[in-house]
Amino acid sequence: MNTRRDFIQKVGISALGLYAFQGLGATVLSPLKHAAANGPVLRVALMGLGGYATRVAESMQQSKRAKITGLISGTPEKLKTWGEKYGVPEKSRYNYENFDALKNNPDIDAVYVITPNALHHDQVIRSARAGKHVICEKPMALNAKEGREMVDACKKTGKQLLVGYRMHFEPLTLEVHRMRTDGELGTIKFFQGLSGFRIGDPKQWRVNKALAGGGALMDIGIYALNGCRYMVGEEPAWVTAQETKTDPVKFREGVDETITFQLGFPSGVIASCLSSYNMNHLDRFFLNGEKGFAELQPASSYGPIKGRTHKGPLDIATDRPQQAVQMDEMAAIILDGKKPVIPVDGEEGLRDLVIIDAIYKAVKTGGKVQLA
Ligand code: NAD
């Protein structure tokens, strides 16, 4: 029988063949040259040319349906070097003051906002008002109020808002999701999500409340939270949470170092999650049902993701960078109206922000916070 898993494996293997061919130094057509066969190409302006944008830009060289055609940065030298490297002409390079002029640029379909969290709200709204679709990095905003304003603003302009949830397109993640929805794990009872790393430089924006909106939960704990929702397949009804801070100098007021949080779902499923900026080797999802279990470890790194279930190891080839796959899938969502298996739209980003607000509230009050 031809299962979806066989399909994923076949796709992975055929793509692997292509890269092996490239590795031998043979001339291979650029993936974009094949684009006509796959549909039109999404022409993307990257905003914020920092660490993650570098990874996205490099990975996009392996995208079949997404291409960098614009750049937005506050640093003129970066605009020049990135422009030359990725073939973006001067007329499609902008700074943070003048990027509203994107509205006069027919060579750009979408803006990918990859700046510190506090900037997302205004930058997304300005990009949508310039007539562009927007992909925004996680967390979509600092809180649910901002998130709602972004969703509404994009709706008003008729432009799509997507969130950079790369795991929603990751093959092992999708296989566990399929096993759960096909009933192979039985009735789900429990989820555990552990997300964290030891953060370095105490001067970086990630530990600055004004730019980050919080601490580990906004940045890395969001993977456990978001994962819990798509793994369990329900929206939580309540949350409780506890904070531990061992280094109040590095993690100042409003910047969480470690938070444990628990969620209760309408069906009775419970989830237990840990978010930390003070522990390495913390990247694990565990989903437990009446008939079996699934475990991903690492669960949300840049890959390869590894996993096993009660049936054995999850043996799926993942040869393309996650961001290349994400951008191809997002092109299909924006240009073809494709519906992803796990949503990545603004409403999805907003749901996480509502729960993040509730987790911070639960930390403060020490009580159970009900979610509407
Ligand atoms: P970074 O510090 O490496 O890059 C941020 C960029 O924004 C820099 O180029 C910086 O110059 C620019 N910038 C513009 N205005 C700024 C300001 N006022 N203060 C500081 N920098 C400013 O950060 P990053 O790791 O690239 O993270 C950017 C965004 O991407 C964040 O929202 C983060 O959560 C997200 N991110 C997502 C993933 C993922 O896997 N999806 C991974 C890393 C980061």
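The values are calculated or read from the model by the stated rules, or taken from the named source; none is laboratory data. None of these values were measured; they are calculated from a predicted model. As a convention, Cβ positions derive from the backbone with ideal geometry for all residues, glycine included, and neighbour counts pool all protein chains shown. Ligands, DNA and RNA are stripped out before the accessible areas are found, and what is left, the full protein with its side chains, is counted by its heavy atoms. Shrake-Rupley method; radii C 1.70, N 1.55, O 1.52, S 1.80 Å.
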R0 of 35 Å, Cβ-Cβ distance Met279-Asp152: FRET efficiency to nearest 0.05: 0.40
Stretch gain in nm, segment Asn38-Asp122, where the contour uses 0.36 nm per residue and the Cα spacing is subtracted: 26.9 nm
Backbone N under 20 Å from the Asn104 label point (7 Å along Cα→Cβ), restricted to region 130-165: 130-133
Span-rule helices in the chain, defined as complete DSSP H runs reaching 18 Å or more along the axis (Cα) with Kyte mean at least 0.0: 4-23, 322-336, 346-365
Unit charges on C-beta of K, R, D, E only; dipole of region 217-372, Debye: 380 debye
Neighbour cut-off at most 15 other Cβ (10 Å), DSSP loop, GluC sites (Glu not before Pro), region 247-312: Glu253, Glu290
Carbon and sulfur %, accessible surface of the chain computed with the full protein complex present, 1.4 Å: 55 percent
Segment Val249-Asp201, length gained on full extension (0.36 nm per residue, minus Cα span): 16.0 nm
At 0.692 mPa s and 37 °C, Stokes diffusion of the chain via Kirkwood alpha-carbon radius, µm² per second: 153 µm²/s
Estimated FRET transfer efficiency when R0 is 22 angstrom, pair Glu184-Asp315 (beta carbons, to 0.05): 0.90
Entries of Lys145/Lys339; Lys189/Lys245; Lys132/Lys156 with Cα pairs more than 21 Å apart: Lys145/Lys339; Lys189/Lys245
Gaussian network model of the chain, Cα within-10 Å springs - most flexible of Gly312, Gly214, Gly289: Gly312
Lysines with Cα under 20 Å of Lys80, excluding same-chain neighbours fewer than 8 positions away: Lys67, Lys91
Residue-normalised accessible area of the chain, given per residue in Å² at a 1.4 Å probe: 44 Å²
Per-pair calculated FRET efficiency, R0 = 22 Å: Tyr52 and Lys306 via Cβ, rounded to 0.05: 0.45
Highest-fluctuation residue, Pro171, Pro321, Pro89 considered, GNM on the chain with Cα pairs under 10 Å: Pro89
